[in-house]
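Okay, so here's the structure we're looking at.
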Amino acid sequence: MRHSSSTPGDADQGWGWQQPGHGQAALALFIDDLHHVLQAHAARRLASAAPLSVAQEQVDALLARYVEKRKAPEIFEGQSVTLKEGTDRDGVSHTVPIFSPHLKQALVAMLGQPGKQTQ
């Protein structure tokens, strides 16, 4: 179970980077952690005008944890996730993660869609 803390620090429990797992298992845990950060950002944004920069710092820290813990260096080292905000046609605001090409390629492979290339 996750704590309500908004940053993936060492005192938190239940973060994917704290769990055993390497390779695609670590990537799946990372996606779960990223989802948690994005949900927390959405909740803060509803409660106040939470800047995207706070969520971006948390995502950067999360990615750094996966690199630091050597969960899957071939997937995470040198990679990035950039958060962008936009509004859809219905006026609903969304925060979207933009993955660096290699990380995106690893996600596509994990999802079982081999052969798709990113540029």
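The values are calculated or read from the model by the stated rules, or taken from the named source; none is laboratory data. The structure displayed is predicted, hence computed values, not measured ones. Backbone-built Cβ (ideal geometry, glycine too); neighbour counts: all protein chains shown. The area values use the complete protein model at the heavy-atom level, side chains included, leaving out ligands, DNA and RNA. Shrake-Rupley method; radii C 1.70, N 1.55, O 1.52, S 1.80 Å.
Brief remarks follow.
- For the set THR87, THR82, THR95, solvent exposure ranked by accessible area (probe 1.4 Å, protein chains only) runs largest to smallest as THR87, THR82, THR95.
- Pair-distance profile P(r), taking every C-alpha pair of segment 7-84, with 10 angstrom steps and integer %: 20, 52, 24, 5
- Area of ASP60 that stays accessible when all protein chains are in place (1.4 Å probe, Å², to 10): 80 Å²
- Rounded, prolate or oblate (a/c below 1.5 giving rounded, otherwise prolate when a/b exceeds b/c) for segment 40-119 by Cα gyration tensor: oblate
- Annotation: per residue accessible area for segment 25-64 equals 46 Å², rounded to a whole number [probe 1.4 Å, protein chains only].
- Solvent-accessible surface (1.4 Å probe) assigned to LYS84 amounts to roughly 110 Å².
- In loop segments of segment 40-119 as defined by DSSP, the GluC sites (Glu not before Pro) with at most 14 further C-beta atoms inside 10 Å of their C-beta are GLU77.
- Using the Cβ-Cβ distance between THR87 and ALA64 with R0 set to 22 Å, the FRET efficiency works out to roughly 0.15.
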